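The values are calculated or read from the model by the stated rules, or taken from the named source; none is laboratory data. Here the structure is a predicted model, which means the values were calculated and not measured. When we count neighbours, we look across all protein chains shown, and the Cβ atoms used for this are built from the backbone with ideal geometry, even at glycine. These accessible areas exclude ligands, DNA and RNA; they are computed on the full protein's heavy atoms, side chains included. Shrake-Rupley method; radii C 1.70, N 1.55, O 1.52, S 1.80 Å.
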Amino acid sequence: MNSRWHWIACAALCGWLAVLPGGAGAETARWDIDPDHSLIEFRVTHMVVSKTAGRFTDYKGFVDMDGDAKTVKAIEATINAASINTSHDKRDVHLRNADFLDVKQFPTMTYKMKHVQKQGDMYTVIGDLTLRGITEEIALIGTLNGVAKDPWGNTRAGFSANGTLNRKDFGMVWNKTLDNGGLVVGNDVQIHLEIECIKAKTP
């Protein structure tokens with residue numbers, strides 16, 4: 001091949017690779033969770049007949065991803081366990097004690113992604129949740145809702161995700177039996193996340 005055609009072929013190949021996810025044009029960046037525009041919420045069955053909801057209000061974390069290719073490389077989060085809030089002071093005190101979160105001995109819980117699968121617009125994230133000193137795999141299924149510029153020059157991305165954990169897997173076994181044989185507190189805890197992230201600016 002003469003040198004002219006060699007350089008044309010190389011230029012075409014490089015241009016083609018640049019548009020492929022993970023190719024030369026891909027840019028993996030750190031996206032920090034914006035807690036002012038995010039939600040970490042849970043629901044658990046109460047006395048069989050209803051569900052009680054709560055949230056955590058103090059947390060930090062990040063997503064490493066390529067916003068153009070929509071490929072996620074890493075997710076990590078740390079939550080202050082004492083920031084639990086179910087809008088009921090007496091219940092929140094109980095949830096912070098040793099029957100449940102035991103925040104004095106285990107002040108934080110963490111989540112770290114191990115791997116992710118993408119099918120269409122859906123992501124299945126498998127990660128290690130460490131709670132009360134116990135680590136278990138938890139799956140989160142969700143979507144990347146979009147990427148946009150805000151009026152202040154930041155690039156933002158939004159995620160929605162859901163998952164389920166069994167509280168007994170993390171040593172939270174407290175309960176009481178009702179007259180009908182049911183339990184005061186259900187074992188399955190439904191997790192709902194609305195996460196907004198800000199792309200870190202390069203120096």
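Data table
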item: Gain on full stretching of the segment that runs from residue 145 to residue 166 - 0.36 nm per residue minus C-alpha separation; result: 4.8 nm
item: Accessible surface of residue 51 - all protein chains present, 1.4 Å probe, nearest 10 Å²; result: 110 Å²
item: Ordering of 84-94, 131-141, 156-166 by burial proxy (mean other Cβ atoms within 10 Å per residue, highest first); result: 156-166, 131-141, 84-94
item: Residue-normalised accessible area of the chain, given per residue in Å² at a 1.4 Å probe; result: 60 Å²
item: Surrounding net charge for residue 84, when Lys and Arg each add one and Asp and Glu each subtract one, Cβ distance under 10 Å; result: +1
item: Note, ³J(HN,Hα) from phi for segment 99-111, Karplus 6.51, -1.76, 1.60, rounded to Hz, x at Gly and Pro; result: 5, 10, 6, 6, 5, 5, 8, 10, x, 10, 10, 10, 10
item: Expected 222 nm ellipticity per residue - DSSP helices of 4 or more, -39500 (n - 2.57), all of the chain, to 500; result: -3500 deg cm²/dmol
item: Sequence ranges 114-120, 34-40, ranked by mean other-Cβ count within 10 angstrom, highest first; result: 34-40, 114-120
item: Extreme residue, positive dipole direction of segment 49-121, given options 61, 101, 72 (C-beta unit charges); result: 101
item: Rounded to 10°, Cα long-axis angle of helix 3-18 versus longest principal axis of the chain; result: 20 degrees
